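Single-structure report; data block below.
Where a number appears in this text, it was derived from the coordinates with a stated rule and is not lab data. Note that the structure is predicted; figures quoted are calculated from it, not measured. When we count neighbours, we look across all protein chains shown, and the Cβ atoms used for this are built from the backbone with ideal geometry, even at glycine.
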């Protein structure tokens, strides 16, 4: 089964139902809920999602939404190795590189994000939700 990593912005798009982004992001998440792919993320992504989405849904509703999604997420670790590689990557966004390194260490085949420019051009695939969904339909 295909292992994909959800960047923080994808989780926020789904839970906050962001205009213009919700549909594609939720279609990707639904693939995981339906068992067609396995969804991976980090605890840092969940914490950041809570911080952002609570401003839209409130704290209790955001926690409830994360609890509903949790059974469908594989929470992958980040450790000193991922931190080292991210610090020395030369890429412009440390947080995104932490995510990338965690996804790579977990054996994910793709990172699903709306912010491709903060990830390396080689290694595992970096795809928008739309690009990922198109790949599946081909």
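Would you calculate a helix-derived [θ] at 222 nm for the chain, using -39,500 (n - 2.57) for each DSSP H run of n ≥ 4 and dividing by the full residue count, to the nearest 500?
Roughly -16500 deg cm²/dmol at 222 nm, from the helical runs in the chain.
Scoring 18-27, 116-125 by mean Cβ neighbours within 10 Å over their residues and listing the highest first yields 18-27, 116-125. Note: region 11-72, Cα convex hull, 71 Å³ per residue. Highest average first, the peptides 104-114, 56-66, 34-44 ordered by how many other beta carbon atoms sit within 10 Å of their residues are 104-114, 34-44, 56-66.
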